[in-house]
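The values are calculated or read from the model by the stated rules, or taken from the named source; none is laboratory data. Quick caveat: nothing in here was measured; it's all calculated off a predicted structure. All Cβ positions, glycine included, derive from the backbone under ideal geometry; neighbour counts span all protein chains shown.
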Amino acid sequence: MSGPVKDPAERDSVGKALRRTANPSHFSSLVRRGKQCYRERGAEALGREISYRVDLMTKGESWRFRADIPLKRELREQQKAIFPQMPRISVVVPLYNTPERFFREMVDSVRAQSYQNWELVLVDASDAPKTRLGKLVAKYKDGRINYCRLAKNEGISGNTNVGLAEANGEYIALLDHDDVLSPNALYEVVRVINETGADFVYSDEIVLDASMKKLGEYHFKPDYSPDTLRGCNYITHLSVFSRALLEKAGGGERSEFDGAQDYDLILRLTEQAARVEHIPKVLYYWRGHAGSTSSDMSAKPYAVAAGAGAVQAQLDRLGMAGRVTPIEGCPGAYRTEYAVNASARVSVLIPNKDHVEDLKRCLAALYKNAGWQDLEVIVIENNSTDPATMEFYKGAARLPGLRFLQYNGPFNFSAINNAGAQFATGDYLLLLNNDVEMETPGFVREMLSYAQRPDVGAVGAKLFYPDGTIQHAGVFIGLGGSAGHNHKGHPRDSAGDMYRLATTQNFCAVTGACLMVKKSLYQAVGGLDEANFAVAYNDVDFCLKLRAKGYLNVMTPFAAAVHHESKSRGDDTHCGGERQARYEAEKARFVQKYAALMERGDPYYNPHFTLLYENYGYK
């Protein structure tokens with residue numbers, strides 16, 4: 001099965017972060033935590049906590065003792081649990097020359113499930129005329145195991161479809177023949193089905209080496225994100241779906257997508273699902289070995305091509321005109337270039353006070369790299385005092401489509417942009433700081449290709465600091481106690497965790513330093529909040545208002561720019577005096593307004609990641 005691979009450099013940085021948390025100087029706090037652990041969860045949990053800390057200090061990792069692995073007593077309680085719905089789950093496994101050890105570990109993991117209403121459908125297409133796998137199945141003497149020996153290998157899709165036809169359960173789970181389920185996997189799935197009515201459920205997973213002892217990487221995933229999913233198959237395992245949904249999505253796997261057959265199936269299932277639910281627990285153990293896509297998808301280049309075809313097929317089904325191409329250097333990652341309505345006018349709103357050189361650079365890059373003809377550029381002048389500024393305005397007036405608007409009030413980013421929006425004649429607004437320098441040719445066209453979609457609200461770009469590190473690639477709610485940036489400070493060429501810097505992503509919010517939105521939507525939610533968020537958090541609040549109305553917010557890394565952040569005005573967060581006091585007041589209002597969201601957690605940010613830093617480190 002195809003899936004994303006995490007950047008090795010970031011894995012190293014995560015390891016360093018983990019080792020720091022295990023510093024012996026924290027001994028007293030560890031003792032307090034140990035006592036609390038013993039009181040709340042008992043001796044087994046305390047033993048795990050100690051082993052976890054020892055592993056961190058000696059090995060730099062500790063996947064075996066995670067908090068989401070159930071204790072023995074918890075598994076016993078799960079075995080006794082009675083839900084209103086107790087659906088049978090058919091675990092379908094295509095077999096092909098499966099090593100006996102891998103086979104035993106896979107079957108044993110299913111038989112060890114705390115939820116007992118399952119069947120295991122084994123479809124054996126091995127080369128050997130007399131495979132030993134059938135004899136091994138007979139030794140289990142378990143009537144829930146259905147072994148089907150094929151006379152002919154029909155390929156991965158055909159073999160899986162035989163298993164789907166043999167399955168009798170109301171829900172179906174797909175399991176690779178060399179992988180393993182956590183003992184609580186099916187219990188957690190059934191719990192979520194009962195709580196939410198979901199017809200498609202997926203979980204987090206972990207990649208291990210062939211021995212299933214050494215950590216490869218974690219796949220800590222966001223909740224369902226359609227644009228993120230078109231960028232790469234971040235869902236992969238464990239995926240469980242209802243039989244009714246499978247039929248609605250057109251049935252089983254398709255051989256023309258072999259190598260990415262599960263990706264195609266997941267795309268079809270999620271687009272038809274009434275409710276998709278993500279369980280942020282590791283319920284699936286993916287074995288990495290030579291030739292496995294979990295180890296390196298580039299080992300199977302046909303799978304990369306098949307993945308692009310699967311995404312293209314979804315666009316065609318949904319009537320979304322566009323072209324899908326693999327991303328070079330990121331096997332299993334894809335870019336969608338959507339066709340654009342040629343009649344759209346874009347109004348670019350640029351607040352400005354002096355800093356002529358910044359504005360010159362901003363406008364020069366905009367006109368060079370916009371890649372869009374019907375462009376209205378509105379510079380909103382706010383209290384400039386340098387005579388050179390007015391001289392520049394006179395000369396710049398010759399630029400095509402450039403207009404000027406005077407705003408005389410005190411600096412209020414929200415009010416300035418709202419004034420510009422009223423003055424604008426475009427169908428789309430692009431909020432742009434005067435210290436943003438566009439780098440990507442076709443920048444405006446790229447953002448417009450997403451902003452035009454009826455399901456999209458705000459569209460953001462990928463912004464770098466002048467030193468080339470990431471400044472902005474989407475906003476997570478809750479980071480730093482309010483809101484923070486995705487992968488802030490990571491190297492410019494980093495693909496990010498699960499390709500989250502390399503592919504288009506859904507987020508709760510994007511930065512107002514470079515944000516495109518339909519003018520009609522801007523007006524529908526009342527623009528930026530002038531009263532409560534004059535300078536800080538207005539962009540995040542605006543995006544959350546769009547999200548509350550059901551729109552997707554998007555960050556595209558294919559519109560990249562340098563952001564000389566706060567160069568024009570300085571940094572309000574540590575400057576002291578009135579400006580910092582205003583920032584703190586706006587932060588407090590933001591936290592109060594969105595306390596419920598921060599308590600639930602940002603749906604696009606996995607709870608296994610830290611909220612203390614913007615580095616994508618593990619908790």
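Consider region 223-280 and keep the residues that are polar (S, T, N, Q) and out of contact with any strand residue (DSSP E or B) (no Cβ under 6 Å at 6 or more places or on another chain). The one that is nearest to Thr503 (Cα to Cα) is Asn233. Taking region 337-452 and the strands (runs of 3 or more DSSP E) fully enclosed by it, the elements with 2 or more residues that are in the same structural domain as Thr556 (by TED's automatic domain parsing) and surrounded by fewer than 22 Cβ atoms within 10 Å (Cβ to Cβ) are at 375-381, 402-406. For region 252-296, a residue qualifies if it is under 19 Å from the mean Cα position of the chain (by Cα) and at pLDDT below 95, and exactly one does: Ser294. In region 166-181, the residues that are under 17 Å from Leu133 (Cβ atoms) form Cβ pairs under 9 Å with partners that are at pLDDT below 95 and β-branched (Val, Ile, Thr), at six or more places apart or across chains, as follows: His177/Thr98; Asp178/Thr98.
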